[in-house]
Structure formats: C-alpha cells, structure tokens
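Peer 1: So that we are looking at the same thing, I have put the structure below in structure tokens.
The values are calculated or read from the model by the stated rules, or taken from the named source; none is laboratory data. Owing to the predicted nature of the structure, the values given are computational and were not obtained by experimental measurement. Because the Cβ atoms are built from the backbone with ideal geometry, glycine has one as well, and the counts that use them run over all protein chains shown. Ligands, DNA and RNA are stripped out before the accessible areas are found, and what is left, the full protein with its side chains, is counted by its heavy atoms. Shrake-Rupley method; radii C 1.70, N 1.55, O 1.52, S 1.80 Å.
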Amino acid sequence: MTDSSPHPRPVRKPRRRWRWHVPPALMHGPEQLEGGEILAEMEGPQAMVMFQLARDVSLWGSADPDERRPDPDAAGPEVHSADRAHFFTGDAHPRLIAQMEAAAFDAGLEAPLRAAAEVLRAPGEVTRAQLTAACLDVSKWADERDMLGTALAFAQAGAIASPRDPAMGYRVGLLARRRAEYPRAESWFRRVIGLGRQAKDWESYAQAFLGLANLYMQRGNYPAARRFLIRCLRAARRHGFRELQAKAYHDLFAIAIQTDQFAEANDLARLAFRAYGPRHPRLPVLASDVGVLWVVRGEFAPALEVLRAAHPHISHPCEQLLSWGNIARAAGGAGDRATYDEAWDNIWSYAGEWHNRENAPWALMDAARGATSLGDWPRAERAASTAREIAVRRAEAHVLAEAESVLDSVTRRLQFQAVAPASNDAVVQGLASDLTRYLRRKTAAE
C-alpha cells in the first residue's frame with residue numbers, strides 16, 4: 001500500500017554529537033617578553049636555563065596535533081602538526097645540560113629540569129605526561145619560594161604540553177589570580193570548565209567555578225562570586241566532593257560577612273564547619289573568619305580571643321598575614337595596645353613581599369582600622385596609604401575605596417568604636433563553643 005499523503009514525511013537527519021566548547025586561554029599578562037617573569041625573579045645562569053626551558057616546552061606543546069586538528073564532525077582535511085624532530089638543533093640538549101650543571105641547581109630541582117630537558121634530546125619521543133609532571137614540580141618549587149611569576153610560567157608550559165588536562169589548567173588560573181592577572185586567570189578557569197565537562201573531570205570542573213568565585217571576590221563583585229560558588233556547590237554535591245562543598249560554604253560565609261548578611265553568615269559558618277569535619281586542617285582558618293564576623297559586628301573582645309587561639313594553627317604565609325591583620329583590627333577595637341603592636345610588627349615583616357601576597361591589601365586595611373580605633377593616626381595613615389598603592393597596582397577597586405574611606409577618617413580624626421557587647425545569640429554562642437573546644441583540643445594534641 002502506498003502513502004497517499006500529499007506531504008511526504010521529512011527524512012530525519014542523523015543526530016549530531018554535541019561537543020562542549022572549550023574556549024582558548026590568554027597566554028600573556030603584563031610581561032613584555034614571554035617568560036620574562038623568570039628573568040625578573042631569578043639571576044645569572046639559573047635564570048637563563050629556566051627561561052629557555054620554559055620556552056622550549058611551550059614551543060613543543062604549541063604544535064600539539066590534538067589542538068590543531070579541526071572538529072572531527074566538520075568537513076575538510078585533517079591538519080597535522082609540524083615534525084617536532086626539527087624544532088631543536090642536535091647540540092641543543094647537551095648544551096643545556098652543561099649550562100644546567102654549571103648553574104648548580106638545588107638537588108630537588110635538578111631532576112624535574114632534566115626530565116623537561118628531554119624535549120630537546122628526543123622531541124618526537126618525549127610524552128606530554130612526562131613534560132607536564134616535570135613542569136608541575138618546577139612550578140611548585142618556585143611557588144614555595146614566592147617566585148609566582150616563575151611558578152606561573154612553568155605551570156603554563158605544562159598546560160600547553162598537555163592541553164586537555166583540566167587540573168594543570170586550573171593551576172595556571174590559580175597562580176595568575178594570585179598575581180592579580182585577572183583576565184588571564186579568568187580565561188584559564190573558563191577553559192577548565194569546558195575541559196572538565198568534556199573529560200567528565202567533575203572535580204576540576206567544580207574547582208574552576210571556585211577559582212572564578214575567588215577571582216570575583218578579590219575584585220569586589222560579590223553577586224557574581226556568589227553565583228559561581230553556588231554552581232561549584234551544586235557540582236560538588238552532585239559528585240560527592242565534600243571538601244569542595246566545605247570550601248564553597250566557607251567562601252559564601254565570607255561574602256555574607258562582606259555584605260552584612262550576619263544571620264546568613266552564622267548558618268553558612270555552621271554548614272562549613274560540618275562539611276570540613278572535626279580534623280580538617282582548614283578549620284582554624286574558618287575559626288579565624290568567624291572572629292572576623294564578630295569584629296565586623298563590633299564584638300572585639302571575644303573576636304580577639306578566637307583569633308589569637310586560631311593563629312598558631314594557620315600555616316600558609318598569605319593566610320598568616322591576613323590573620324595578623326584580623327588580630328590588629330580586633331586588638332585596636334578592644335583597646336589592647338600590646339597585642340596591636342605585636343600584630344603591627346608582624347604585618348610589616350612582610351613589607352618586601354606585598355606583591356606576592358594577595359591578601360596584603362586587606363591585612364593593611366585591618367591594621368589601619370585597628371590604628372584608627374586606638375587613635376594612632378600616623379600608623380592608620382601609613383597602613384591605608386600602602387594598601388591604596390597596592391590596590392592600584394593590583395586593580396582592586398573595592399580595596400581602593402576602603403582605603404580612601406579610612407584616609408578620610410584619619411583626616412577628620414574619626415575613631416572606630418566598639419558598637420556592641422558580646423552577642424547572646426544561641427547560634428553564635430554554640431558555634432563559638434564548638435570552635436573554641438576544637439582549637440583547645442588541637443593545641444593540647446600538638
């Protein structure tokens with residue numbers, strides 16, 4: 001029987017497989033020369049070896065056939081990469097090894113540098129995994145020595161060598177954000193989101209949202225930061241990443257403090273406390289941030305007690321600096337001159353490293369507010385002026401506005417006063433008891 005319908009059925013086209021878009025990332029920041037940050041942070045023969053090696057690995061990775069091949073669903077011929085065997089001259093490897101030996105690198109750094117140098121000896125045989133692992137080790141070595149530019153250069157070289165690796169791309173974004181290279185950091189975080197979805201690497205996918213949220217928090221865009229944190233939290237819940245859930249709650253708590261949502265802040269602090277669990281190393285940081293909440297509410301004395309109890313357990317240099325700032329602000333509000341002087345001295349011990357401390361402007365602003373509470377106008381002006389200079393260099397407009405506000409208070413000699421006694425709120429007191437009990441137990445165990 002034939003179909004007598006005047007409208008024949010349309011032929012169904014085969015369904016095209018959806019491919020998640022992976023945006024390109026920015027490869028350069030303010031440096032005038034690719035890899036120039038290495039030359040700025042290191043000296044002599046070591047600088048030249050590191051500079052050349054980072055560029056060699058990047059050159060090798062830039063010819064990756066997986067990156068230069070067009071969409072496999074699209075028509076047209078496949079584009080192959082150049083023959084990597086012709087990238088480097090035959091004597092390039094022995095010459096670099098001789099330079100490396102003459103430079104006398106640390107024993108812990110020599111092994112990854114030699115592994116990365118294999119790109120010169122056997123460019124057609126060395127693997128992406130080998131190069132990326134070597135670059136990661138060098139990046140960590142530089143990061144531990146506060147050479148963030150060098151750490152970033154090698155992290156990016158490793159990410160170029162393994163362009164489909166979300167974890168390495170996330171590290172590039174993280175280091176770029178710490179250097180206040182916000183456009184480069186954002187481009188890498190957004191790339192990691194696409195790579196994570198393609199590879200079903202949901203941990204990197206969720207981390208990238210967390211990275212974007214922190215970037216927007218540093219720039220003072222709290223609504224955008226909150227949206228990214230909620231997306232991170234959803235992905236972390238869906239795939240069971242408990243630590244990422246805790247970090248998302250923790251950062252949402254920090255935003256609630258900055259936006260004066262105090263009731264919400266208490267609930268989020270409790271959620272973060274539960275998600276971290278009783279033995280997590282970041283609990284002292286959470287306890288310190290709860291102290292910040294009390295400082296903002298004018299409850300300086302109990303805040304100072306918690307902040308001082310938490311400080312010995314905070315190990316990261318950037319977080320230590322911020323902790324001293326919090327202590328300075330609380331001590332100033334509580335009228336504790338001796339503790340304020342101690343905090344001030346510790347804050348200024350970082351004076352030569354402001355550019356490597358992403359929390360430096362906030363620590364200085366807290367020191368300025370504490371000095372204003374004490375009526376110590378010269379210190380208040382010095383700290384706020386320094387915070388303003390750093391904020392201009394890091395393009396952090398919200399810190400700049402805060403600094404101008406404090407400097408105006410200095411001009412008019414307006415002191416910040418404690419505005420409320422310790423809270424009797426049951427939720428706050430319950431959280432305070434849990435945190436204090438935890439910190440005392442931790443101190444006794446150590």
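Peer 1: Accessible surface of W377 in the full protein assembly, 1.4 angstrom probe, to the nearest 10 Å²?
Peer 2: The accessible area of W377 comes to roughly 40 Å².
Peer 1: Further, regarding this structure: Take T411, T386, T259 and sort them by solvent-accessible surface of the protein heavy atoms, 1.4 Å probe, largest at the top.
Peer 2: Numbers: T411 110, T386 20, T259 55 Å².
Ranked list, largest accessible area first: T411, T259, T386.
Peer 1: With a 1.4 Å probe and all protein chains in place, put V138, V296, V392 in order of accessible area, largest first. Can you show the working numbers first?
Peer 2: Numbers: V138 0, V296 50, V392 95 Å².
Final ranking, largest accessible area leading: V392, V296, V138.
Peer 1: For T150, T89, write out the residues from largest to smallest accessible area, computed with a 1.4 angstrom probe and no ligands counted. Working shown, then result.
Peer 2: On the way: T150 0, T89 80 Å².
Sorted by accessible area, descending: T89, T150.
Peer 1: Which order do peptides 21-34, 122-135, 320-333 fall in by mean Cβ count within 10 Å, highest first?
Peer 2: Working: 21-34: 13.9, 122-135: 17.8, 320-333: 27.9.
Put in order of decreasing packing, that is 320-333, 122-135, 21-34.
Peer 1: Would region 144-282 count as rounded, prolate or oblate if I go by the C-alpha gyration tensor, calling it rounded below 1.5 in a/c and otherwise prolate when a/b exceeds b/c, oblate otherwise?
Peer 2: Working: a/c = 1.86, a/b = 1.52, b/c = 1.23.
Cα axes put region 144-282 in the prolate bin.
Peer 1: With r as the distance between the Cβ atoms of S405 and R441 and R0 = 35 Å, compute the FRET efficiency 1/(1 + (r/R0)^6) and round to 0.05. The partial results should precede the final answer.
Peer 2: Values: r = 40 Å, r/R0 = 1.14.
Efficiency for this residue pair is about 0.30.
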